[in-house]
Amino acid sequence: MAQNSSRVAGRHFLQIPGPTPVPDRILRALDTPVIDHRGPEFAKLAKRALEGIKTIFKTTNPVIIFTATGTGAWEAALTNTLSAGDKVLMVETGQFATLWKKMAERLGLKPEFIETDWRIGADPALIEARLREDKNKEIKAVCVLHNETSTGCASPIAAIRKAIDAAGHPALFLVDTISSLASTDYRHDEWGVDVSVGGAQKGLMLPPGMSFNALSDKAIAASKASNLPKSFFAWDDMLAMNKVGFFPYTPATLMLGGLVEGIDMLHEEGLDNVFARHDRLAEAVRRAVKHWGLEIICKDPKYYSSTITAILMPEGHDGDAFRAQALENFNISYGASFGRFAGKMFRIGHLGDTNDGTIVGALAITEMTLALAGVPHKKGGVQAAMDYLITAHGKPARVAAE
Ligand code: PLP
């Protein structure tokens, strides 16, 4: 019989920073018959989803659920609140911030970038200084990524809110929380965010194809005056229909079932435990990387991301070739490289339905690939990660007894 080399045994290590592995429980929840999206059973499901998602954004205001990926929810946030020619202040944290800016330009807005070297998050002081200069209040929105997925730099959203207030500026505050929501602490209401943009395929552990806008009263008021064209993404139709448990067009019924399951799972674990788990796994990854003697792209620990770590390749070693070698030999996918770091990095995602064992396995694969690829490094990064994880879980019984 001919040898079949097309099968790869075991689970794939999906270590990209989203889409993340979908847990079996959510797969089962998705695997249900399609129901009438204008019927009473659907109204119950929609209510659970629309109420449940508010607990994840930590808001009592409406959250809109779109059948679109995060890019659609970006567009909705801009087109529902702003008008042609409006100035918006954005921070160039990396590739995704750059894409959101490009979208703003295409939509007829005038985005202005606070530039960075893609190795830090958004600095509240720089935002405050720029807003103070804007005497005529021409800037209509400040747009920031809570977690820049392309570099692994997170931004302090509560401090940015304070900076906007300290400048006495009325701009709306729009935050992309796509790769942080349901993985790290996020508080839409308490942090005074006007539109929070979320996606389903990361911390919420769903397949791609669903995204969110959490709103504030100020954002809803702005939507009445905004003149950018919108139709599919218009909030007003959604808000009206959601009130009675329905959608203005055919919703992704099965995904809503999956969403409700994912929200239940997050609450069963406890949101604070979910955040602590992500912090712990991120620290384990950083300990390994530092032990290997490699550089983390995020250069200031205060901006470290708890969901993704981007690693700079040493001179003469290509990040994409490294990723290909790891995939071919060890059945792992890392995040790709972008923009300024194209070919110069690889990214390890450590978010969603993941645990210590998976991360230690992923780090072991990484250490093996470093050796295979001839990348200079100090052996023992996995041990450093394990040592940290052991202490993070409390002292082991035997050591405690000694
Ligand atoms: N914003 C961030 C922070 C992201 O990580 C992504 C995708 O990974 C996007 C926006 C774009 O979302 P999508 O690819 O779901 O359209």
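Structural remarks
- Among the protein heavy atoms, those of F338 account for about 50 Å² of accessible surface (1.4 Å probe, every chain in place).
- Local electrostatic count, A43, Cβ distance below 13 Å [Lys/Arg +1, Asp/Glu -1]: +2
- Protein-only accessible surface order, largest first, of D356, D264 at 1.4 Å: D264, D356
- Near D320, once Lys and Arg are set to +1 and Asp and Glu to -1 for all other residues with Cβ below 15 Å from its Cβ, the sum equals +2.
- Only Cα pairs under 8 Å and 6+ residues apart enter the sum, and on that basis the relative contact order of the stretch 24-267 stands at 31 percent.
- FRET efficiency for the F232 to R106 pair, using the beta carbon distance and R₀ = 22 Å, is estimated at 0.85.
- Ranked order, H350, H267 - accessible area, probe 1.4 Å, largest first: H267, H350
- Principal axis extents of the C-alpha atoms in the chain (largest first, rounded to whole Å): 61, 55, 54.
- When the charge dipole of the chain is built from unit charges on Cβ atoms (+1 for Lys and Arg, -1 for Asp and Glu) and taken about the Cα centre, the candidate among T391, F13, A43 whose Cα reaches farthest toward its positive end is F13.
- Candidates R277, R286, R340: whichever shows maximal mean-square fluctuation once the chain is modelled as a Gaussian network with Cα springs under 10 Å: R340
- Carbon/sulfur fraction of accessible area - the chain, other protein chains in place, 1.4 Å, %: 55
- Measuring against 26 Å, Cα to Cα, the residue pairs K202/K344; K299/K344; K87/K202; K44/K230; K87/K344 contain K87/K202; K44/K230; K87/K344 as the ones spanning a longer distance.
- Ranked packing of 209-215, 142-148, most packed first, by mean Cβ within 10 Å: 142-148, 209-215
- Alpha-carbon centroid distance for the pair the stretch 118-184 / the stretch 196-222, whole angstrom: 17
- When shorter helices are ignored and each DSSP H run of at least 4 residues is given -39500 (n - 2.57), the per-residue value for the chain at 222 nm works out to -13500 deg cm²/dmol.
- Fraction of antiparallel bridges per DSSP, the stretch 24-267 only, in percent to nearest 5: 40
- Residues considered: Y334, Y249, Y186. Largest GNM mean-square fluctuation over the chain, using C-alpha springs under 10 Å, is found at Y249.
- Order by protection proxy (mean Cβ within 10 Å, highest first), peptides 74-80, 154-160, 388-394: 74-80, 154-160, 388-394
The values are calculated or read from the model by the stated rules, or taken from the named source; none is laboratory data. These figures come from a predicted structure and were not determined experimentally. Because the Cβ atoms are built from the backbone with ideal geometry, glycine has one as well, and the counts that use them run over all protein chains shown. Remember, those area values only see protein heavy atoms, side chains included, never the ligands or the DNA or RNA. Shrake-Rupley method; radii C 1.70, N 1.55, O 1.52, S 1.80 Å.
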